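**Q** Mind having a look at this structure? Questions to follow.
Each value in this text was obtained by applying a stated rule to the coordinates, not by laboratory testing. Computed from a predicted model, the values in this text were never measured in an experiment. Here Cβ is always computed from backbone atoms with ideal geometry, including for glycine, and neighbour counts include all displayed protein chains.
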Amino acid sequence: MKYDIVIIGGGASGLCTAIMSKTETNSILIIEHEERVGKKILSTGNGKCNLTNRYCRTELFSSNPEGIYPYFPESNRSFAERVISSFDAENAIQFFQGLGILTEDKNGYIYPRSEQASSVLDSLRFRCEALGIDMALGYQPIKIIKKDNLFHIDDEYSCRKLVLATGGMSAPNTGSDGSGYELAKSLGHHIVEPIPSLCGLKCNDPFFKALAGVRNDSKLSLYDEQKNLLIEAQGNLQFNDYGVSGIPVFQISSVAGRLLKEGRKLLLRIDLLPEVSLNDLADFLDRKKEQYLLGVLNKKLSQVIEKEVSRKKGCENVSNGYLRACMIKKFKVHPIDITSFAQSQVTAGGVSVDEIWPDKCESKLVDNLYFTGEIMDINGICGGYNLHWAWASAHCAARAIKAGS
Ligand SMILES: Cc1cc2nc3c(=O)[nH]c(=O)nc-3n(C[C@H](O)[C@H](O)[C@H](O)COP(=O)(O)OP(=O)(O)OC[C@H]3O[C@@H](n4cnc5c(N)ncnc54)[C@H](O)[C@@H]3O)c2cc1C
């Protein structure tokens, strides 16, 4: 069957591209290999869907509350900025209002007022239906060839314009299993090695079994082997039997993951009491004199720190309080790996953006081939930036598709 536009992948960016590309006259098909579209949207934001972030405006990137440039890798910044400069947080909020979704702003993090991710998915699905966008569900495209200005998908479908919106490899139980990369490769594109991001860090220190389950508001500083500070993040840290996770770990995982995969040695310094200065903490602990850490830290953490203190040698010249304060403010752990794709929220890597026009999200190698969302080598930090990337790149591709039709 012949369509004007075929979109492979019925996730966040695919559904959005379809809605934004629709005109009165064009025909659009979404091909989704799962039995239903948008499965991943349902699990976003712990079921509440953090759909964008107030700071998703290029001029506000450097002042976002995380204090971290929100898109990786660094080399692709200008690509991400070009795409987002024409579709920022306000545009995303307006788009969803147009679908009937009211939003709420929680310190810059934007959610649907219903606080239900299902309402975001349903509004996208209903709009697709209302616009007459066809869906082929449970269909796995095997082969795409381009002949006579038409893309032929197996012998089933053909189209003038093709969008690959198949996501990355994270949470593969929602359908994003990496098969889209094979389709991109078959059309001549290169894939930057995909690795998990927004994920935990496995560490090789002996105390993690004892710390499993502990949560602590902390500041993290990641260093390389030359002791260069790479990235910092603050928030609720979670200790597990394998290492660390939680939002601040997610925020640094893109940088840590790429370097660990290159075989680099990293050090993670954790400030377990970021709200108190080293000297104030030392004074406080020295005044306590005994049961130094009781009521200061979680008991399991206190026990680990006391154990480390008892192992320390050559510290006779510093007070007991100062010694413990140093341990608390500079608790060191050694990451050796990242957790799996199944335990990650986003994929770093993907179709190289060197081969994509940033003003159109169109392939530089194959005319009328477009990419949207996480399939590209752009990934964001936690906070609505990844869904924003899905909407913004969909907008970019849809604008180009309509301009060229
Ligand atoms: C647990 C979790 C929570 C998250 N929470 C948030 C959040 O609150 N805010 C935020 O900004 N981001 C969040 N994210 C990230 C966000 O969901 C993704 O970045 C976003 O969904 C990517 O959109 P996409 O369209 O590129 O890919 P996806 O949404 O993954 O959609 C890809 C679609 O393509 C289909 N597909 C794949 N391969 C093929 C194929 N070969 N043929 C046909 N169909 C195919 C898949 O089945 C899927 O439906 C979260 C992710 C996870 C896993």
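**Q** With r defined as the distance between the Cβ atoms of Asn204 and Cys315 and R0 fixed at 25 Å, what FRET efficiency is calculated, to the nearest 0.05?
**A** Computed FRET efficiency for Asn204 and Cys315: 0.55.
**Q** Specify the angular offset, from 0 to 90 degrees and rounded to the nearest 10, of the alpha carbon long axis of helix 299-311 from the longest principal axis of the alpha carbons in the chain.
**A** 60 degrees
**Q** Computed over the Cα atoms of the stretch 201-338, what is the ratio Rg over Rh, Rh following Kirkwood?
**A** Rounded to two decimals, Rg/Rh equals 0.97.
**Q** Helix 89-98 against the longest principal axis of the chain: what's the angle in degrees, Cα atoms only, rounded to the nearest 10?
**A** 50 degrees
**Q** Specify, per residue and in Å³, the volume enclosed by the convex hull of the alpha carbon atoms belonging to the chain.
**A** Hull volume normalised by residue count: 139 Å³.
**Q** Could you tally the net charge around Thr103, taking each other residue with its Cβ under 13 Å from the Cβ of Thr103, Lys/Arg +1 and Asp/Glu -1?
**A** 0
**Q** Among the GluC sites (Glu not before Pro) in the stretch 208-276, which ones are in a DSSP loop with at most 16 other Cβ atoms within 10 Å of the Cβ? Mind listing them?
**A** Sparse-neighbourhood loop GluC sites (Glu not before Pro): Glu225, Glu262, Glu275.
**Q** What would the Debye equation give as log₁₀ I(q)/I(0) for the stretch 1-126 at q = 0.09, 0.13 Å⁻¹, counting only Cα atoms as equal point scatterers?
**A** -0.29, -0.61
**Q** log10 I(q)/I(0), Debye, Cα-only the stretch 293-391, no solvent, q = 0.21, 0.23 Å⁻¹?
**A** Summing over Cα pairs of the stretch 293-391 leads to -1.06, -1.15.
**Q** As a quick test, which of the pairs Lys288/Lys312; Lys209/Lys313; Lys219/Lys360; Lys48/Lys299 have an alpha carbon distance above 31 angstrom in this structure?
**A** From Lys288/Lys312; Lys209/Lys313; Lys219/Lys360; Lys48/Lys299, over 31 Å: Lys219/Lys360; Lys48/Lys299.
**Q** Report the calculated FRET efficiency for Ser85 and Arg287 (r = Cβ-Cβ distance, R0 = 51 Å), to the nearest 0.05.
**A** Efficiency, from the Cβ-Cβ distance: 0.40.
**Q** Ok, one more. Within the set of other residues whose C-beta is less than 14 Å from the C-beta of Pro70, count the net charge using Lys and Arg as +1 and Asp and Glu as -1.
**A** So the environment of Pro70 carries a net charge of -2.
**Q** Please work out, to two decimal places, the log10 of the ratio I(q)/I(0) at q = 0.24, 0.27 Å⁻¹ from a Debye calculation in which every Cα of the stretch 100-151 carries one identical scatterer.
**A** -0.95, -1.04
**Q** Also, quick follow-up: Using r as the Cβ-Cβ distance of Leu42 and Asp280, and R0 as 56 Å, what FRET efficiency do you calculate, to the nearest 0.05?
**A** Computed FRET efficiency for Leu42 and Asp280: 0.75.
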